[in-house]
Amino acid sequence: MHERKPPDLAAFALMIVLCATWGFQQVTIKLASEGISPVLQSGLRSAIALLLLALWARWRGLVLTRADGTLRNGLLAGFLFAVEFVFIYLGLSFTTASRMIVVLYTAPCLTVLGLHFFVPGEQMRWRHFAGVGLAFAGIILGFAGESGAPPGAWIGDLLGLLAAFGWAATTVLIRATELARISASKVLFYQLAVSAALMLPLSPLIGETGVSSLSVPILLALAYQGVIVAFASYLTWFWLLTRYLTARLSVFSFLTPLFGVACGVLFLGDRLTPSFVAAVACVTSGIVLVNLPVQRETRRADRSQ
């Protein structure tokens, strides 16, 4: 186990790339949904990444199926991961990529709440709670009367919020159980394997049309989700968490909604209304407020040693 250290320039650069990658993912989901049903698309994404992870583990000589007492919580983490992305993919059928990315990235605030109650040493102070409140106020005030929202957008926003809860629950579970002590590759293996096993058969069961058409843009969008996001970016993120202080890395995640909004505007023609800009500002400010006190306290602890 490597001793975690503060992020350096290389870690900062990687986080910028990861945030841009995750922000653009919502655009590729919308593009691929023109020919592939949402839940099937999510299952194929996990299956592609699972195959690549298995090949990568074999090349590195890693055994992902060895019994180590983590199966139950690993399966639960995989289930929560699957639920999260079912909500994301279904939600994008009702709302825009820009709205989804802002709602989804309330998850870091929800994660802090979960860590406060379930992980010793992660208790929050009033500034953390203020950040959570600010983020949710941004959603309520920014989206409630937005005239540029598509019909039924509130359904997509609600699904995005449920996805945020699923993401936060997954993170808390990993941090609070023995999953925190196993390799990042095996944690990702649990999530990809369970989500693929659940979502691929779920698609026809709920009456999805499946694959209605295939084109180069649709295939490229699916490949981006499976190869770049679910495999490469998640593996990189878990690798960063094994080498750098998690709290110091997490503050960079507020960049993702900004990248997501920019991608939605540039590639999908999403409207950038004043109320939506206010929502982005409130949510991202809330996430920063939740994380920044942690950074300052960590620096004080470093200086006292």
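The values are calculated or read from the model by the stated rules, or taken from the named source; none is laboratory data. Here the structure is a predicted model, which is why all the values come from computation and not from measurement. Cβ: placed from backbone, ideal geometry, glycine included. Neighbour counts: every protein chain shown.
Of note:
- Residue check: LEU64 meets all listed conditions (1) in contact with a helix residue (DSSP H, G or I) (Cβ under 6 Å, 6 or more places away or on another chain); (2) modelled with pLDDT of 90 or more; (3) in a helix (DSSP H, G or I) but one, namely (3).
- Residue selected from the stretch 20-75 under the condition out of contact with any Gly (no Cβ under 7 Å at 6 or more places or on another chain) and of a type in the set (Ser, Thr, Tyr), by the criterion farthest from GLY226 (Cα to Cα): THR70
- Residue in the stretch 98-119 that is modelled with the highest pLDDT, counting only those that are of a type in the set (Ser, Thr, Tyr) and either in a helix (DSSP H, G or I) or under 12 Å from ALA169 (Cα atoms) (or both): THR111
- Boolean, GLY207 is out of contact with any His (no Cβ under 8 Å at 6 or more places or on another chain) and closer than 17 Å to GLY35 by Cβ: no
- Meets criteria (assigned to a helix (DSSP H, G or I), out of contact with any His (no Cβ under 6 Å at 6 or more places or on another chain) and without any contact (Cβ under 8 Å) to a residue 12 or more places away in the chain) for LEU241: no
- Verdict on LEU222 being touching a helix residue (DSSP H, G or I) at 6+ places or on another chain (Cβ under 8 Å), within 30 Å of ALA135 (Cβ to Cβ), in contact (Cβ under 8 Å) with a residue 40 or more places away in the chain and aliphatic (A, V, I, L, M): no
- Evaluation of ALA221 against the conditions (1) over 27 Å from LEU64 (Cα atoms); (2) surrounded by fewer than 22 Cβ atoms within 10 Å (Cβ to Cβ) shows that the sole unmet condition is (2).
- Criterion violated by LYS5 - all others in (1) under 30 Å from ASP157 (Cα atoms); (2) surrounded by fewer than 13 Cβ atoms within 10 Å (Cβ to Cβ); (3) not hydroxyl-bearing (Ser, Thr, Tyr) satisfied: (1)
- Sole residue being in contact (Cβ under 8 Å) with a residue 40 or more places away in the chain and either within 28 Å of PHE117 (Cβ to Cβ) or buried (at least 22 other Cβ atoms within 10 Å of the Cβ) (or both), chosen from GLY210, GLY166: GLY166
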